[in-house]
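Worksheet for the structure shown next.
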Amino acid sequence: MKKTLIGIAAASLLMLGTAAQAQQAKPPVYGEIGYSMIENDDLKFGVLRGIIGADLHPNVAVEGMLGLGVKDDSFTAFGTTFDAKIKNMVGVYAKPKFNVTPELELFGRVGFTRINIEASVGGASASDADSDLSYGVGLNYNITPTVHIGVDYMNYYDKDGSKFDGVTVGVGFRF
């Protein structure tokens, strides 16, 4: 009888430990919203960036990104001032990551981004879209198991003498 009680007590303790781990596990799917300050030569754009991601492993996630231009800029060429804007950006990334502490995550991103830009003068406008390899690094700080704040640097596009890169600050939610 004594051995049976010890066995039941040991099994109960093991089950409690498993339940505690399950409660502390982070949900595998997350979303992030942030403001990106993106530069191209002398131009500075503002982009509202959203990311949906899923953890495939504790150290690897995949992400999809949509960015919408919210701050335009202008430049002068041939004595004429042109307005320029990022209409949108779409990207897919692999995200290797590492928890430095339980709250602090260091990550990288590598993938592809398609950027759609537009320049206009008077009533005329022209747009162009192109894709390139993208990469970056960042940090996320977990405020709670389901909410984090973050900052990252991304090089979205660097081809044919044109480069779009910048810093994003944002907030993320796991669900």
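The values are calculated or read from the model by the stated rules, or taken from the named source; none is laboratory data. What you are looking at is a predicted structure, and each value in this text was computed from that prediction instead of being measured. So basically every Cβ, Gly included, is an ideal-geometry build from the backbone, and we count neighbours across all protein chains shown.
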Here the residues within region 104-142 that are over 30 Å from Gly79 (Cβ atoms), in contact (Cβ under 8 Å) with a residue 40 or more places away in the chain and out of contact with any Leu (no Cβ under 9 Å at 6 or more places or on another chain) are Arg109, Ser134
With (1) surrounded by 16 or more Cβ atoms within 10 Å (Cβ to Cβ); (2) farther than 27 Å from Thr144 by Cα; (3) among the aliphatic types (A, V, I, L, M) as the list, and Ala61 as the residue in question, which single condition is left unmet?
-> (2)
Pair list, Cβ under 6 Å, 6 or more apart: region 149-165 residue over 16 Å from Val92 (Cα atoms), other residue acidic (Asp, Glu) = Lys159/Asp132
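Across region 140-157, which residue is surrounded by the fewest Cβ atoms within 10 Å (Cβ to Cβ) among those that are among the aliphatic types (A, V, I, L, M) and under 24 Å from Arg114 (Cβ atoms)?
Let us first name the residues in region 140-157 that are among the aliphatic types (A, V, I, L, M), namely 143, 147, 149, 151, 154.
Narrowing further to those that are under 24 Å from Arg114 (Cβ atoms): 151, 154.
Working: Val151: 14, Met154: 25.
So the residue we want is Val151.
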Please verify whether region 68-88 includes one or more residues that are surrounded by 18 or more Cβ atoms within 10 Å (Cβ to Cβ), touching a Leu at 6+ places or on another chain (Cβ under 8 Å) and under 30 Å from Lys26 (Cβ atoms).
-> no
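Would you confirm, using the coordinates I've provided, whether Gly111 is small (Gly, Ala, Ser), farther than 17 Å from Glu39 by Cβ and at pLDDT below 95? Break it down stepwise before answering.
On the way: small (Gly, Ala, Ser): yes; farther than 17 Å from Glu39 by Cβ: yes; at pLDDT below 95: no.
The answer is no for Gly111.
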